[in-house]
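The values are calculated or read from the model by the stated rules, or taken from the named source; none is laboratory data. From a predicted model like this one, the values you see are computed outputs, not experimental measurements. All Cβ positions, even for glycine, are placed from backbone atoms using ideal geometry, and neighbour counts span all protein chains on display. Only protein heavy atoms, including side chains, enter the accessible area calculation; ligands, DNA and RNA are left aside. Shrake-Rupley method; radii C 1.70, N 1.55, O 1.52, S 1.80 Å.
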Amino acid sequence: MNNYEAVLIYKPEVSDEERNKSLEIFKGIIAESGEVESVDDWGKRKLAYEINYIKEGYYYIVDFKASGDHIKEFERRLRISDLILRYMVIRKED
């Protein structure tokens, strides 16, 4: 298993309850073939540039371990989520 870090940016109009529920779903996807090490809530921040006229979003940093082929499914689910504005998953050096 490899170490990964995911940055998730939620749309600003998403309620706290919806964000927490969605985050638990994504943590469950990771847990299917890996483990979540930590979740860091950065809160609501201004974006570096506007995305579809949206100027801010809720940031979460998720550190986890998973197999490489499982990352494709995780990214697919992030891509189709209506709550996620942007995401990025990177592999951390060991």
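When the residues of segment 1-14 are narrowed to those that are open to solvent by less than 90 Å² (accessible area, probe 1.4 Å) and over 14 Å from Leu85 (Cα atoms), which ends up modelled with the lowest pLDDT?
Filtering segment 1-14 down to residues open to solvent by less than 90 Å² (accessible area, probe 1.4 Å) leaves 2-12, 14.
When the remaining residues are screened for being over 14 Å from Leu85 (Cα atoms), the result is 2-5.
Numbers: Asn2: 87, Asn3: 91, Tyr4: 92, Glu5: 93.
Restricting to residues being open to solvent by less than 90 Å² (accessible area, probe 1.4 Å) and over 14 Å from Leu85 (Cα atoms), the top hit is Asn2.
The conditions of being at positive phi and more than 13 Å from the chain's Cα centre (by Cα) are met by Tyr53. With respect to (1) more than 11 Å from Ile9 (Cα to Cα); (2) within 12 Å of the chain's Cα centre (by Cα); (3) open to solvent by 30 Å² or more (accessible area, probe 1.4 Å), the lone exception for Tyr58 is condition (1). In segment 67-94, the residues that are open to solvent by 60 Å² or more (accessible area, probe 1.4 Å) reach residues that are β-branched (Val, Ile, Thr) and not in a strand (DSSP E or B) with C-beta atoms within less than 7 angstrom, at least six apart or across chains, in these pairs: Arg77/Ile29. Filtering segment 32-55 down to residues that are open to solvent by less than 100 Å² (accessible area, probe 1.4 Å) and of a type in the set (S, T, N, Q), which residue is modelled with the highest pLDDT? Going through the qualifying residues, I end up with Ser38.
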